[in-house]
Amino acid sequence: MSVRRSPQVLVLNGGSSSGKTSLARALQEVLPGIWLTFGVDSFIDALPGGGDSPRAGITFAPDGTVTVSDAYRALEASWYAGLHAMVRAGACLILDEVFLSGADGQDRVKAAFSDVEVMWVGVHCPPDVAASREADRPDRVVGMARAQAASVHRGVVYDVEVDTSLAAPDECAQRVERAVESRVPQG
């Protein structure tokens, strides 16, 4: 039986406009110590043209579908290696992610952080609620939230799950905080 340790990385996975970023900010306020937040939006912003250049390797279709190239995946692996180095140097991270490929996305992150303790958090939001939130965000492709609401969770295994349509970010953060505390060694 393996001994569970306090997580060094929290991975929040959910579709676009599901509430991951609000949850990450709320978690930064309730978790002990200082947690840094990074995620897919930070990575995309760092790509050529902020992700809008053909050189970025990511395509946003008019219906909200997102496709990525092999070059994108190679850069993503480098991104995770850099984040891993931060954890190995002592930082605690909250990763705000969208696993476009469901379980395959989780597998990529597991491989990148195989030697550190990770807690997996499913951030759920019904498609209609996410689509309504998306409509209020000028930086989103209409349809992305609805397209991703269920697909990003296919085959993904979580330690804790929250539904941001049923609870405010601080309430969801408290649920995650309790799950983190349950992993902290006693004594």
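The values are calculated or read from the model by the stated rules, or taken from the named source; none is laboratory data. What you see is a predicted model; the values in this text were computed from it and never measured. Note that we place each Cβ from the backbone using ideal geometry, even for glycine, and neighbour counts take in every protein chain shown. Accessible surface areas use protein heavy atoms only, side chains included; no ligands, DNA or RNA. Shrake-Rupley method; radii C 1.70, N 1.55, O 1.52, S 1.80 Å.
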Exercise. Let me know the shape class of region 86-187, please: from the alpha-carbon gyration tensor, a ≥ b ≥ c as square roots of the eigenvalues, rounded when a/c is under 1.5, otherwise prolate if a/b is greater than b/c, or oblate.
Key: prolate
Quiz item: So how exposed is Arg146, as accessible area in Å² (1.4 Å probe, rounded to 10)?
Solution: 120 Å²
Practice problem: Determine ³J(HN,Hα), in whole Hz, for all residues of region 67-79 in sequence, where each value follows from phi through the Karplus function 6.51 cos²θ - 1.76 cosθ + 1.60 and θ = phi - 60°; x replaces Gly and Pro. | Solution: 10, 10, 8, 4, 5, 4, 4, 5, 5, 4, 4, 5, 4
Quiz item: Based on DSSP H runs of at least 4 residues, each adding -39500 (n - 2.57), what is the mean residue ellipticity at 222 nm of the chain after dividing by all its residues, to the nearest 500 deg cm²/dmol?
Solution: -12500 deg cm²/dmol
Practice problem: Give the shape of region 129-183 as rounded, prolate or oblate, defined through the alpha-carbon gyration tensor: a ≥ b ≥ c are the square roots of its eigenvalues, a/c under 1.5 means rounded, and otherwise the shape is prolate if a/b is larger than b/c and oblate if not. | Solution: oblate
Quiz item: Are there trypsin sites (Lys or Arg not before Pro) in region 1-106 that DSSP puts in a loop and that have at most 12 other Cβ atoms within 10 Å, and which ones?
Solution: Arg5
Self-check item: Environment charge at Arg108 (Cβ cut-off 14 Å; Lys +1, Arg +1, Asp -1, Glu -1)
Solution: -3
Practice problem: Can you tell me the relative contact order of region 1-141? Whole percent, Cα pairs under 8 Å, sequence separation 6 or more. | Solution: 46 percent
Practice problem: Sketch the reach of a paramagnetic label on Arg73 as a point 7 Å from Cα along Cα-to-Cβ, and name the residues of region 91-109 whose backbone nitrogen lies under 20 Å away. | Solution: 97-109
Self-check item: From phi via Karplus (6.51, -1.76, 1.60), per-residue ³J(HN,Hα) for region 163-169 in Hz, x at Gly/Pro
Solution: 10, 6, 7, 9, 8, 5, x
Quiz item: Considering only DSSP beta bridges whose two residues both sit in the chain, what percent are antiparallel, to the nearest 5?
Solution: 15 percent
Quiz item: Which of rounded, prolate, oblate describes region 1-73, given a ≥ b ≥ c as roots of the alpha-carbon gyration tensor eigenvalues and a/c under 1.5 marking rounded, otherwise prolate only if a/b is larger than b/c?
Solution: prolate
Quiz item: Per q in 0.15, 0.20 1/Å, what log10 I(q)/I(0) does a Debye calculation on the alpha-carbon atoms of region 1-137 return?
Solution: -0.79, -1.35
